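Asks: Right, I'll just put the structure down here and ask away after.
Throughout, read-outs are computed from the coordinates displayed, never taken from laboratory work. These figures come from a predicted structure and were not determined experimentally. Here the Cβ positions follow ideal geometry from the backbone for every residue, glycine too, while neighbour counts run over all protein chains shown.
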Amino acid sequence: MSDLYSGRHTLTGAPYYLQAENDRNTHNGMLYIQLIQRAFGADEVVMVGHHFVFEPKADMQALNLHTLNEIPSADTMLFDHDIMGAVFGNEARFVMAHLAMTPRGDRDTVLAAELAKLPAMVQS
């Protein structure tokens with residue numbers, strides 16, 4: 001999955017980022033759900049589409065949309081200091097630096113390897 005954008009271009013020749021981002025999110029959906037739940041809690045209900053939408057389970061059941069949250073892209077999550085700090089603690093900056101030096105098509109493999117090093121999540 002190294003080159004997400006190969007073969008997909010607009011009429012002007014630019015890479016077709018929207019479809020590539022959708023493909024990336026679909027392919028790595030469970031990885032992103034794990035990252036969000038580690039950062040914000042295992043009870044978060046996460047929906048993966050073009051963006052990542054999440055909300056505490058209790059609020060979702062009560063249809064309280066005031067707590068609905070959205071992250072616009074995978075890379076927004078991977079380089080957010082609050083999210084990555086909640087997941088990786090003091091190692092967050094090192095993980096983000098590693099991700100920043102990794103081509104975009106390989107970042108999710110690096111993220112999966114880093115998450116695999118962490119203790120299992122406790123489900124409530």
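Asks: Please find, in a Gaussian network model of the chain (springs between Cα atoms separated by less than 10 Å), the residue of A62, A74, A100 whose mean-square fluctuation is greatest.
Replies: Result for the chain, Cα springs under 10 Å: A62 fluctuates most.
Asks: Under unit Cβ charges (Lys, Arg +1; Asp, Glu -1), what dipole magnitude, rounded to 20 debye, does the chain have relative to its Cα centre? Let's see the in-between values first.
Replies: Working: 8 positive and 15 negative charges, 45 e Å.
Dipole of the chain, to the nearest 20 debye: 220 debye.
Asks: Which one of G41, T102, T76 is farthest out on the positive end of the charge dipole of region 28-116, using unit charges on Cβ (Lys, Arg +1; Asp, Glu -1) and the Cα centre as origin?
Replies: Farthest towards the positive pole: T102.
Asks: Something else now. For the chain, state the average projected area of the convex hull of the C-alpha atoms over all orientations, rounded to one decimal in nm².
Replies: On the way: hull surface 34.6 nm².
Reported value for the Cα convex hull: 8.6 nm².
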